[in-house]
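First the structure, in the form of structure tokens, and then the observations on it.
The values are calculated or read from the model by the stated rules, or taken from the named source; none is laboratory data. Here the structure is a predicted model, which is why all the values come from computation and not from measurement. Cβ: placed from backbone, ideal geometry, glycine included. Neighbour counts: every protein chain shown.
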Amino acid sequence: MVSAAENYALTDVAPGKPMHLFWKRYWIPALRSQKLVAEGAPERVRLLGENYVAFRAKDGRIGFFSEYCPHRRASLVLARSEDCALRCIYHGWKIDVSGAVLETPNDPNPDFPKTVRVRPYPTHEAAGIVWVFLGEGPPPRFTDFVFTHLPPEQVWPRAAIVNSNWLQGLEGTVDPSHVAILHGNVTRAARALASIDLMSSVNAPRIETENRPYGMSVAALREAGGGKRYVRVGEWVAPGLAFIPYAPDEPQQCIICVPVDTDHTLQWNIFFHYQRPMTPAEREFMRYGTGLDDDNIYEARLDDPRWGQDRAAMRNGSHSGLPGVIVEDFVIAESMGAIPDRTVEYLCASDISVVRLRRLLLDGLARLAAGESLPGQDGSIAVANIRATAGVFGANEDWRKLGGNS
């Protein structure tokens, strides 16, 4: 367990708090690229407890700055999109993608616009997502993961707002022991994905971890008989990204848990395949239980104390009574409350990876306070080589050498 002070430090992302500043040292996936249409309506983006506006200019460039007009703080979500700028509908101030104020119609001084400053935030489009850097100074090198190099037809980003703190979502991604239990119906049904099917035989795998320059590797080890062992190795990349283990020839999944604010999470489920586009059947499996809108795949049932759980289905064989892996994870995170009290947990052997994650995050906050470099920001790390993997290997084979971890 962690102390109350540690729990607070890990979860509070309000402006000025350590975790808020920690996240601002990284590129953050903010919204799907398709959400921004050239000269279309600007979009509100809430990240780390602050509101921003994003828009695509006539020439395709992206503007990203504070939601509020620098004049009288009217929302620029309401603004007109003109040429390569937004014009506030209140007094007509016009701000281009670079943050330059071009016109202030209610002030006759032609030099006045030059005195107004609007801070633009650097953006980068990759994998069908607009990423933004919200920190001070020049941004670090973009974290070009394997899926950011693939053709668009091989990558499928999907987003949801979950009504819980970002940490419990992330903790679920490094917790292999829940998969064969909470997601048991899906693991038993997914015969087409061998790496999932093999999970169902052992509910309590041996969990081992290894610190990496970018975060942590988490291995779930299950004895498969005949001198063989079924191994799933996931990867956590600071601050909030996790590669979920599948066999190399199967569709892959990356989950990113981004703090909207202290009580809400923007969770990305990014599906991709190394060699080819996913088949319709594979995409249907990945979509199962979620909505069709890739910008909002989850509708929380907060008016229902059981989140729409189907108890009749549970009597007829469903373990959770919830529709699919993704929704099961969302509901479990929300069921803990906005922020669970981690001081009263009874942790067990399978929680070693969750404990290690918390310690590494706390270490990251300490490094931030000391002005030291943060995990994953060493320019020598080959981020594009990070791979999760799963398969049957020899019982004595070192899992740390599997995949493409670097």
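Scan segment 188-212 for residues that are crowded, with 20+ Cβ neighbours inside 10 Å, part of a helix (DSSP H, G or I) and either modelled with pLDDT of 95 or more or not small (Gly, Ala, Ser) (or both) and jot them down.
Of everything in segment 188-212, those that are crowded, with 20+ Cβ neighbours inside 10 Å, part of a helix (DSSP H, G or I) and either modelled with pLDDT of 95 or more or not small (Gly, Ala, Ser) (or both) turn out to be ILE196, LEU198, MET199.
Taking only segment 53-79 into account, find how many residues are closer than 22 Å to ASP293 by Cα and part of a strand (DSSP E or B). Even if it seems obvious, please write down each step before you answer.
Here is the first cut: in segment 53-79, the residues closer than 22 Å to ASP293 by Cα are 53-56, 77.
The next check asks that each one be part of a strand (DSSP E or B); those that pass are 53-56.
Residues flagged as closer than 22 Å to ASP293 by Cα and part of a strand (DSSP E or B) within segment 53-79 amount to 4.
Would you confirm whether or not segment 385-394 contains a residue that is of a type outside the set (A, V, I, L, M) and in a loop (DSSP other than H, G, I, E, B)?
yes
For THR279, indicate whether it is touching a Pro at 6+ places or on another chain (Cβ under 9 Å), among the β-branched types (Val, Ile, Thr) and surrounded by fewer than 14 Cβ atoms within 10 Å (Cβ to Cβ).
yes
So for segment 5-26 (the condition being buried (at least 22 other Cβ atoms within 10 Å of the Cβ), of a type in the set (Ser, Thr, Tyr) and part of a loop (DSSP other than H, G, I, E, B)), does at least one residue qualify?
Checking segment 5-26: at least one residue is buried (at least 22 other Cβ atoms within 10 Å of the Cβ), of a type in the set (Ser, Thr, Tyr) and part of a loop (DSSP other than H, G, I, E, B).
Looking at (1) β-branched (Val, Ile, Thr); (2) without any contact (Cβ under 8 Å) to a residue 60 or more places away in the chain; (3) not in a loop (DSSP other than H, G, I, E, B), which one does ILE89 not meet, given that it meets all the others?
Here ILE89 meets the rest and fails (3).
Could you tell me whether segment 291-306 includes any residue that is more than 21 Å from GLY128 (Cα to Cα) and of a type in the set (Lys, Arg)?
Yes, that holds for at least one residue.
Give me the residue from segment 347-375 that is under 29 Å from HIS183 (Cβ atoms) and without any contact (Cβ under 8 Å) to a residue 12 or more places away in the chain and, out of that set, surrounded by the fewest Cβ atoms within 10 Å (Cβ to Cβ).
Checked segment 347-375; the qualifying residue surrounded by the fewest Cβ atoms within 10 Å (Cβ to Cβ) is CYS348.
Could you identify the single residue in ILE161, ILE129 that is modelled with pLDDT of 90 or more, touching a His at 6+ places or on another chain (Cβ under 8 Å) and closer than 29 Å to TYR52 by Cα?
Working: ILE129 fails: touching a His at 6+ places or on another chain (Cβ under 8 Å).
On inspection, the qualifying residue turns out to be ILE161.
Go through GLY215, GLY169 for me and flag whichever is in the same structural domain as TRP307 (by TED's automatic domain parsing), at pLDDT 70 or above and on the phi > 0 side of the Ramachandran plot. Walk me through it before giving the result.
Working: GLY169 fails: on the phi > 0 side of the Ramachandran plot.
Going through GLY215, GLY169 in turn, the sole match is GLY215.
With the condition kept exactly as written, say whether any residue in segment 265-275 is assigned by TED's automatic domain parsing to the domain that holds GLY337 and surrounded by fewer than 16 Cβ atoms within 10 Å (Cβ to Cβ).
yes
So, ASN106, is that one under 30 Å from ASP341 (Cα atoms) and of a type in the set (S, T, N, Q) or not?
So ASN106 does not fit the description; no.
Output yes when any residue across segment 107-121 is in a loop (DSSP other than H, G, I, E, B) and in the same structural domain as THR290 (by TED's automatic domain parsing), and no when none is.
The answer is no, given that none of the residues of segment 107-121 is in a loop (DSSP other than H, G, I, E, B) and in the same structural domain as THR290 (by TED's automatic domain parsing).
For TYR288, only one of the following conditions fails: (1) under 30 Å from LEU31 (Cβ atoms); (2) at pLDDT 95 or above. What is its number?
Here TYR288 meets the rest and fails (2).
State all residues of segment 285-313 that are of a type in the set (A, V, I, L, M, F, W, C), surrounded by 14 or more Cβ atoms within 10 Å (Cβ to Cβ) and farther than 21 Å from ILE255 by Cα; if no residue qualifies, say none.
Across segment 285-313, the qualifying residues are TRP307, ALA313.
Is it true that some residue in segment 40-47 is in contact with a Ser or Thr (Cβ under 9 Å, 6 or more places away or on another chain), buried (at least 17 other Cβ atoms within 10 Å of the Cβ) and not in a strand (DSSP E or B)?
Initial filter on segment 40-47 (in contact with a Ser or Thr (Cβ under 9 Å, 6 or more places away or on another chain)): 40-42, 44.
So of that shortlist, the ones also buried (at least 17 other Cβ atoms within 10 Å of the Cβ) come out as 42.
Now drop any that are not not in a strand (DSSP E or B), which leaves 42.
Yes: one or more hits.
Can we say GLY324 is touching a residue at least 60 places away in the same chain (Cβ under 8 Å), among the small types (Gly, Ala, Ser) and either under 24 Å from VAL13 (Cα atoms) or in contact with a Pro (Cβ under 8 Å, 6 or more places away or on another chain) (or both)?
no
Touching a residue at least 12 places away in the same chain (Cβ under 8 Å), surrounded by fewer than 17 Cβ atoms within 10 Å (Cβ to Cβ) and within 26 Å of ARG301 (Cβ to Cβ): is that true of SER335 in this structure?
Yes: the conditions hold for SER335.
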